[in-house]
Number of protein chains: 2
Amino acid sequence: MNHFADRLIEQALKLQSRVIVGLDPSVTSFPLALQTRLQAEPTEDCLEEILFEFNDAVIEAVIGVAVGFKPQMAFYEQYGLAGLKALQRTLIRLREKGMLIILDGKRNDIAHTATAYATAYLAAKHPVFNTPNPWQADALTINGYLGRDGVRPFQEVNPNAGLFVLAKTSNPSSGDLQDLALTLGGSVAEKMASLAEQWGEGSVGTHGYANVGIVVGATYPEAAARLRRMAPHALFLMPGVGAQGGSLDAVAAAAGSTGTGAYLASSRGVMYPFRPAEMAGPNWRSEVMARIRESAQALRF
Amino acid sequence: MNHFADRLIEQALKLQSRVIVGLDPSVTSFPLALQTRLQAEPTEDCLEEILFEFNDAVIEAVIGVAVGFKPQMAFYEQYGLAGLKALQRTLIRLREKGMLIILDGKRNDIAHTATAYATAYLAAKHPVFNTPNPWQADALTINGYLGRDGVRPFQEVNPNAGLFVLAKTSNPSSGDLQDLALTLGGSVAEKMASLAEQWGEGSVGTHGYANVGIVVGATYPEAAARLRRMAPHALFLMPGVGAQGGSLDAVAAAAGSTGTGAYLASSRGVMYPFRPAEMAGPNWRSEVMARIRESAQALRF
């Protein structure tokens with residue numbers, strides 16, 4: 001695997017897009033055709049199958065627009081083993097299609113344990129069988145609250161992998177902690193951004209960005225501008241456009257002079273541009289794909 | 001499920017123990033007897049089986065000493081689906097035995113996604129099938145970096161469940177962010193502790209502790225004393241005794257006047273008091289159990 005930041009940027013330039021498409025399955029939002037199948041056959045296998053089939057439709061729909069895909073692990077974990085099996089199949093499919101994968105797990109722990117998380121999601125090989133690791137992603141979101149020694153193991157397990165450290169999150173109460181001012185100057189979020197900048201030193205690629213990026217809510221454009229100064233070499237992963245009220249302009253403003261430094265992450269807004277009942281018939285897949293492709297195109301800038 | 005903090009305290013008083021036993025499987029530390037079986041049959045099924053069998057031996061060994069069990073999710077996730085299946089079986093076994101489960105996942109996300117994590121690990125029922133949720137734990141570790149609206153969904157999904165919010169972690173670089181001073185006074189860790197105290201308001205049980213506790217490294221006894229003042233109603237979950245250098249005294253000091261406010265979490269120190277080669281024979285289980293029981297007893301205070 002080559003340098004993550006370089007690959008992401010090259011893909012963005014090739015596609016003329018900055019959209020990362022979330023893959024957050026939620027059965028109650030699925031086309032009625034799929035929900036009806038599950039009602040008729042309420043089994044773990046059927047649940048796994050419809051989770052995968054819907055993801056597969058989303059993936060197929062946005063190829064050519066999506067710079068990468070961001071499966072959010074919680075939405076698979078909520079369905080137990082059926083969900084986790086569907087996630088594994090989704091990751092395999094994404095790799096078959098040559099897509100970049102940013103796994104959104106916001107994992108964090110002390111070094112010994114962070115190494116286990118890194119082994120899970122960034123290692124090329126299974127730790128026991130030494131076979132290819134089906135769960136390997138190109139990048140992982142992490143929470144940097146534990147400091148450098150909770151981050152380094154991810155870099156050691158795979159120096160080419162990308163990491164996105166939570167800095168200023170998109171949610172309404174992100175300020176409870178992140179906006180507080182430090183006596184040494186700046187906010188907690190700004191400090192996290194400058195720590196991420198430090199952690200990324202030595203990993204800056206040919207396009208000028210490091211393999212350590214940050215997560216910055218598109219809902220807070222002023223904070224984003226300050227964070228850009230704290231972390232000039234960090235790619236920004238920016239959720240919050242759409243359902244949460246953030247704007248495309250906020251992402252564009254954070255993208256830097258080359259326009260390749262910020263990426264819009266959208267999940268619900270892209271995945272579910274329909275009401276379940278509208279998609280009850282046997283042709284749900286092509287109809288859903290057309291709508292999803294349109295909603296992803298609308299996020300291009 | 002009844003009030004978590006009350007149940008934990010009642011169990012501690014009954015057993016005269018404050019030890020929470022970690023369940024962090026690491027195949028290379030396992031008895032050689034199990035490693036040899038896996039070498040002879042290198043399959044996902046065999047891996048799942050030995051992960052579960054070793055956990056089962058640990059559980060059986062420390063019943064009567066362990067106030068609860070803390071499986072660390074990373075150590076299962078690193079083994080892919082085999083690991084996750086072993087975790088599911090472990091959780092089922094713990095419930096069969098009536099043991100308290102603190103699932104250590106340090107999950108965190110915005111509200112919509114936090115609800116999915118809460119559904120995964122704290123809900124009584126599967127979200128689709130409405131069957132009992134095999135992954136349901138009694139408590140979950142979480143990261144509070146996102147503030148209140150990233151915490152509330154866990155409380156909403158199950159108000160009786162326990163939450164342990166990372167405040168001051170046990171690792172060497174925990175100070176990178178957590179020790180920084182805020183202009184409003186106190187450190188980031190202290191602020192997190194006081195936020196946890198706020199989040200726990202309204203959930204204080206008959207023993208005087210809330211369902212929102214905090215994680216405090218036993219490696220930082222002075223910080224623990226300050227955090228106790230910020231969060232008088234929080235149960236302290238304290239890792240770091242043993243391999244990381246923390247002491248029993250640090251835990252006892254944080255336990256408050258009733259001695260029920262702090263719990264020592266130990267994983268490696270309890271689970272692996274042997275070298276793999278010592279446990280190569282067919283009687284590995286009883287020999288390992290005797291050693292493990294001894295190592296857990298040594299942590300009683």
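The numbers here are math on the coordinates, done by the rules we state, and not lab data. Just so you know, these numbers come straight off a predicted model, no measurement behind them. Cβ coordinates were reconstructed from backbone atoms using ideal geometry, including for glycine residues, and neighbour counts include every protein chain displayed.
The distance from the alpha carbon centre of the range B:169-202 to that of the range B:236-291 is 26 Å, rounded to a whole number. With the gyration tensor restricted to C-alpha atoms of the range B:46-132, the semi-axes of the equivalent ellipsoid amount to 23, 16, 13 Å, longest first.
Our compactness index for the protein assembly as shown, the C-alpha radius of gyration over the empirical 2.2 N^0.38 Å, is 0.93. Sorting the Cα pairs of chain A by distance into bins of 20 Å, from 0 upward, gives 35, 57, 8, 0 percent per bin.
Per residue, the convex hull around the alpha carbon atoms of the range B:32-74 comes to 80 Å³. Antiparallel beta bridges, as assigned by DSSP with both residues in the protein assembly as shown, represent about 10 percent of the total such bridges. Counting DSSP beta bridges in the range A:4-297, what percent are antiparallel, to the nearest 5? If I count the DSSP bridges inside the range A:4-297, around 5 percent turn out antiparallel.
Working from Cα pairs under 8 Å separated by at least six residues, relative contact order for the range B:1-132 is 25 percent.
Taking Cα pairs under 8 Å and at least six residues apart, what relative contact order does chain A come out at, in percent?
22 percent
Structure remark: mean-square fluctuation, Gaussian network model of chain B, C-alpha springs under 10 Å; the largest value among B:38, B:163, B:94 belongs to B:38.
Using all Cα-Cα distances in the range B:64-188, what percent lands in each 10 angstrom bin from 0 up to the longest? Calculated over all Cα pairs of the range B:64-188, the distribution is 12, 38, 34, 13, 3 percent. For residue B:297, the label point sits 7 Å beyond Cα toward Cβ; its separations from the matching points on the remaining copies run 7.3 nm, from shortest to longest. Of the residues A:274, A:301, B:154, the one with the fewest other Cβ atoms within 10 Å heads the list, and the complete ranking is A:301, A:274, B:154.
Calculated translational diffusion coefficient of the range B:1-60 (4 °C, 1.567 mPa s; Stokes-Einstein with Kirkwood radius over alpha-carbon pairs) equals 94 µm²/s. Each Lys and Arg Cβ is given +1 and each Asp and Glu Cβ -1; about its Cα centre, the protein assembly as shown then shows a dipole of about 520 debye. The count of lysine pairs in the range A:4-297 with alpha-carbon distances below 27 Å, taking only pairs 8 or more places apart or on different chains, stands at 17.
What is the fewest-to-most order of A:81, A:237, B:235 by other Cβ atoms lying within 10 Å of their Cβ?
A:81, A:237, B:235
With a 10 Å cut-off between alpha carbons and a GNM built on chain A, which of A:200, A:281, A:147 moves the most? Among A:200, A:281, A:147, the largest GNM mean-square fluctuation belongs to A:281.
Each stretch of four or more DSSP H residues adds -39500 (n - 2.57); spread over every residue of the protein assembly as shown, this sum gives -12500 deg cm²/dmol at 222 nm. Which of these, A:160, A:130, A:55, has the largest mean-square fluctuation under a Gaussian network model of chain A (Cα springs below 10 Å)? In this elastic network of chain A, the residue with the biggest mean-square fluctuation among A:160, A:130, A:55 is A:130.
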